[in-house]
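A short worksheet on the structure shown next.
The values are calculated or read from the model by the stated rules, or taken from the named source; none is laboratory data. Here the structure is a predicted model, which is why all the values come from computation and not from measurement. Heads up, the Cβs are rebuilt from the backbone with ideal geometry, glycines too, and the neighbour counts pull from every protein chain shown.
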Amino acid sequence: MALSSMTGFARADGVCGPYTWAWELKSVNAKGLELRLRLPPGWDAIEPALRARAAEQIARGTVQANLTVQRTGILPVVRVNEPVLAAVLSTMSEIGKRVEAAPPSMDGILGLKGVIEVLDEDEREEDRRAGEAAVIEGFAKALASLAEMRRREGAALGTVLRTRLDEISGLTARAEAAPGRKAEAIKARLAEQIAELLDTSTRFDPDRLHQEAILIASKADIREELDRLVAHVAQARRLIDGGGPIGRKLDFLSQELNRESNTLCAKSNDVELTNIGLELKTVVEQFREQVQNLE
């Protein structure tokens, strides 16, 4: 499976009978899948089908989907509001009994508000069902375009992530080869410090100092951290090569890589190793930031 980003954009539109419709989809990063639908009034019935289609195509991300629908080519229907007309005529008859006036004209009566109603032609059930089916299929088409855009961006992200993993591997190899990380070098530095302490005071027990020095030297060894860095990089490569929705797994691995980089810096008592650790932290953070965009 290919890698997918969580960001993308797509549009789809079409015509079905009297309906002209258009979809606009945008997706951004999120912890899970969240579909935010904006549907015209009266189109809520298609929502379950839309959510099912989205779950088939996308695993993670916030997807904002906006639907616009217009009915075109509809002939207006002119209708007399009989209750309103009856009330108007009754009122005019009562007033005519009390006031001498010219009889009302047809134009005057029809011009009164509410007597004449201009309505759109009623929707036919078969037209509406066909329109809903077309809109759902249009949504699926827009989703496919969105997913394709996300895959293209995911492929680019995969290249970037592999480059960062190469840099992490290179820095790990540099730390492995650094003379300052060898136990002998650590012990030699501690021995020099012990010798200086013994020269300045006679209260120190040489044997106890040497035991403490050996303990400190063993704690300063970064063998474990280097081995875990290598293992995490190998696992990250396997996940990227396998593809699919691996964003959460890679995010966890980026946290572990950061943890090992921090420990390496904390244990280091050598300038070169400290600098390597700081570089590692920078590259790992860059790796983590890119991982946040993956599905």
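Tabulated data
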| read-out | value |
| --- | --- |
| Answer from Lys249, Lys281 - the residue that is without any contact (Cβ under 8 Å) to a residue 24 or more places away in the chain, under 19 Å from Asp166 (Cβ atoms), assigned by TED's automatic domain parsing to the domain that holds Val160 and touching a helix residue (DSSP H, G or I) at 6+ places or on another chain (Cβ under 7 Å) | Lys281 |
| Matching helices (runs of 4 or more DSSP H) fully within segment 197-295 where at least 3 residues are at pLDDT 90 or above | 223-242, 247-267, 271-291 |
| Segment 8-33, subset under 21 Å from Phe252 (Cβ atoms) and not hydrophobic (A, V, I, L, M, F, W, C), residue surrounded by the fewest Cβ atoms within 10 Å (Cβ to Cβ) | Gly32 |
